[in-house]
Amino acid sequence: MWETSEQDRTVVQGRPRIVVVGAGFGGLRAVRGLRGVDAEVVLIDRVNHHLFQPLLYQVATALLPAGDIAPALRSVLRKQDNARVLLGEVTGVDAQAKTVRLSLPDGSTRALDYDTLVVAAGSTDSYFGHDEWRTHAPPMKTLANAVALRSRLLRAFENAANAEDPDERARWLTIVVVGAGPTGVELAGQVAAMTRRAFRRQFRTLDPRQARVVLVDAAPAVLPPFAEPLREHTRRELERLGVEIRLNEAVADIDADGVTTTDEDHMRHRICAPTVVWAAGVKASPLAAELAKATGAEVDRKGRLLVAPDCALPGHPEIFAIGDMVNLGDLPGMAEPALQQGHHVAKVIRSRLAGEPSPGPFRYLDLGTMATISPGDAVADIRGLRLRGLPGKIAWAGVHLAFLVGWRNRVAVLAEWAWTIATGRRTQQVILEPVRSPPGS
């Protein structure tokens, strides 16, 4: 059993403590759904902000500043008196003692008691057994990932501008995106749009429109979950933007100089590119395995926890798991299932504290799927209503603005979008890391 601090022991004796791990869509929705209950709600996360992941690629492509999609948690919850934020990483759970183990920013550890635990730790990137590829093809899951990718993309064009050899210039102007799902499609489309409009007249020694943006996937189509007409529209529009789409090609290797793929006929192909982005796969957070070990819960082949219909772990009604780290009806790893599960769990907890009947099992309401292709085009499938082009973009923009946290962020993002559409310019073309001479030079 881990030692609990005197402060935490004193607080928990006064009223029930609800610990929520993860400040993503599901975790934050659960916390806000518990506003006003007579309990202490503790939100734990490794970072101090809530991240609106669907717009992460717009930070990476210099369209949005990082702060517009990542409000500080203390600011978001400043008016919720029963909630507090704890910056740290949960590394273990003792289901019998009802405590979680934390690593804090100063390097110390702490055990925190709970009466109810909600784990919404999300997912992490999966390299399908090739974690060595991460060095050369970093993921885009966190704000730090996106800011680093922005610097890599901008630096690639600076290196191309400095290159005197045409082959070297072409190499720097080649950008590979692995994965043709929504994230990969959106990133490839924005990179292509950036090179053809935002960079216009900014370089004197090269034409940014010569950039080669390559989208690679082993699947036979882009956006596999979407209806065929929307997939075909997406493919045509990406090709119109100049994106080179290579389907039915599985990645065989990634190194510092580029990507090697294998096609259906087992032929190998080489793409020379120092800038590669991974958007191909995810797996459940490692905390899912920790929970399974602590509670005896089962996991599926993707490492996701199998939970009861009310999102609780079997045999542990006081522990809930939601979002990308669970398999409840094999729902997709998107924001909407996590949001709805967070809302449902908050209702279950509120009913228990009030001694009222349970709201019953979780029921998912499918509100549709969307993906943007370019600044003026998107596809959307909203409960059978299929939109593309400008109508799809308007629907996409409306939904994303509605789900952003805070009116300040909504207004700021809308203003940035309007500025980019009107002028073609992007205000975040900033490389944070200075050029440094090699040691000994």
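What residue among Ala312, Ala221, Ala418 shows peak mean-square fluctuation when the chain is described by a Gaussian network model with Cα springs under 10 Å?
Of Ala312, Ala221, Ala418, the Gaussian network model singles out Ala418 as fluctuating most.
Taking the Cα centre of the chain as origin and charging only Cβ (+1 Lys, Arg; -1 Asp, Glu), how large is the dipole, in debye to the nearest 20?
Working: 53 positive and 50 negative charges, 322 e Å.
For the chain, the charge dipole is close to 1540 debye.
Out of Leu143, Thr275, Pro208, whose Cα points farthest toward the positive end of the dipole of the chain (charges: +1 Lys, Arg; -1 Asp, Glu; placed on Cβ)?
It is Pro208.
With viscosity set to 1.306 mPa s and temperature to 10 °C, compute the Stokes-Einstein D of the stretch 1-142, Rh being the Kirkwood radius across alpha carbon pairs; µm²/s, no decimals. Kindly include the intermediate steps, with their values, before the conclusion.
Working: Rh = 16.6 Å.
It diffuses with D of about 96 µm²/s by this estimate.
Are there any GluC sites (Glu not before Pro) in the stretch 281-368 that are in a DSSP loop and have at most 14 other Cβ atoms within 10 Å? List them by number. Walk me through the numbers before you get to the answer.
Numbers: sites: Glu290, Glu298, Glu318; in loops: Glu298.
Those satisfying the criteria are Glu298.
Using a Gaussian network model on the chain with a 10 Å cutoff between Cα atoms, which of Asp115, Asp330, Asp310 fluctuates the most?
Evaluated over the chain, the most mobile residue of the options is Asp330.
Starting from the Cα of Arg84, step 7 Å along the direction of its Cβ; do the same at Leu385; then give the gap between the two resulting points in nm.
Between Arg84 and Leu385, the label points sit 4.6 nm apart.
Run the numbers for Asp94 and Ala219: contour at 0.36 nm per residue of separation, minus the present Cα-Cα distance, in nm. List each step's numbers first, then the result.
Numbers: separation 125, 0.36 × 125 = 45.00 nm, distance 4.11 nm.
The Asp94-Ala219 span can extend by a further 40.9 nm.
Quote the charge dipole size of the stretch 131-280 about the Cα centre in Debye, to the nearest 20; the model charges only the Cβ of Lys and Arg (+1) and of Asp and Glu (-1). Could you put the intermediate results ahead of the total?
Details: 21 positive and 22 negative charges, 184 e Å.
For this selection, approximately 880 debye.
Roughly speaking, what is the stretch gain from Ser103 to Asn159, that is 0.36 nm per residue apart minus the C-alpha to C-alpha distance, in nm to one decimal?
Values: separation 56, 0.36 × 56 = 20.16 nm, distance 4.01 nm.
Here the segment from Ser103 to Asn159 would lengthen by 16.2 nm.
With equal scatterers on the alpha carbons only and no solvent term, can you work out the Debye log10 of I(q)/I(0) for the stretch 226-288 at 0.13, 0.20 1/Å?
Evaluating at q = 0.13, 0.20 Å⁻¹ gives log10 I(q)/I(0) of -0.53, -1.00.
Just Ser123, Ser358, Ser108 to compare: in a GNM of the chain, with alpha carbon springs under 10 Å, which one fluctuates most?
Checking each option, the largest mean-square fluctuation is seen for Ser108.
What Rg and what Dmax come out for the stretch 131-280 when only alpha-carbon atoms are used, in angstroms?
15.0, 46
Against the longest alpha carbon principal axis of the chain, how many degrees, from 0 to 90 and to the nearest 10, is the axis of helix 182-193 turned?
Approximately 40 degrees, to the nearest ten.
So what's the net charge close to Val59: Lys and Arg +1, Asp and Glu -1, counting the other residues with Cβ under 15 Å from its Cβ? Write out the running numbers ahead of the final one.
On the way: positive: Lys141, Arg150, Arg152, Arg426; negative: Asp68, Glu186, Glu416.
Here the charged neighbours net out to +1.
Which trypsin sites (Lys or Arg not before Pro) in the stretch 26-85 pass both tests, a DSSP loop state and at most 12 other beta-carbon atoms within 10 Å? Don't jump to the answer; show the numbers that get you there.
Values: sites: Arg29, Arg32, Arg35, Arg46, Arg74, Arg78, Lys79, Arg84; in loops: Arg35, Arg46, Arg78, Lys79.
Filter output for the stretch 26-85: Arg78, Lys79.
Each label point is 7 Å from the Cα along the Cα-to-Cβ direction; what then is the distance between the points at Ala289 and Arg204, in nm?
My value for the distance between the label points is 5.4 nm.
Between Thr423 and Glu239, what is the spin-label point distance in nm, taking each point 7 Å from the Cα along the Cα→C-beta axis?
Inter-label distance under the simple model: 3.5 nm.
Give a quick list of chymotrypsin sites (Phe, Trp or Tyr not before Pro) in the stretch 327-398 that DSSP marks as loop, anything other than H, G, I, E or B, with at most 14 other Cβ atoms within 10 Å.
Details: sites: Phe362, Tyr364, Trp396; in loops: Phe362, Tyr364.
Sparse-neighbourhood loop chymotrypsin sites (Phe, Trp or Tyr not before Pro): Tyr364.
On a 0 to 90° scale, report how tilted helix 389-403 is relative to the longest principal axis of the chain, with both axes built from alpha carbons and the result rounded to the nearest 10.
The angle comes out near 30 degrees.
What is the P(r) of the chain, as percent of Cα-Cα pairs per 10 Å bin from 0?
Reading the bins upward from 0: 4, 20, 29, 24, 15, 6, 1, 0.
Which Rg and Dmax, in Å, describe the Cα atoms of the stretch 325-409?
For the stretch 325-409, the Cα radius of gyration and maximum Cα-Cα distance read 16.3, 51 Å.
Could you give the Stokes-Einstein D for the stretch 306-346 in µm² per second, using the C-alpha Kirkwood radius, 20 °C, 1.002 mPa s?
Working: Rh = 10.1 Å.
Estimated via Stokes-Einstein, D reaches 212 µm²/s.
Computed from the coordinates by the stated procedures, all read-outs in this text should not be read as laboratory data. Just so we're clear, the structure is a prediction, and the values are computed from it rather than from any experiment. Here the Cβ is made from the backbone with ideal geometry for all residues, glycine too, and neighbour counts use every protein chain on show.
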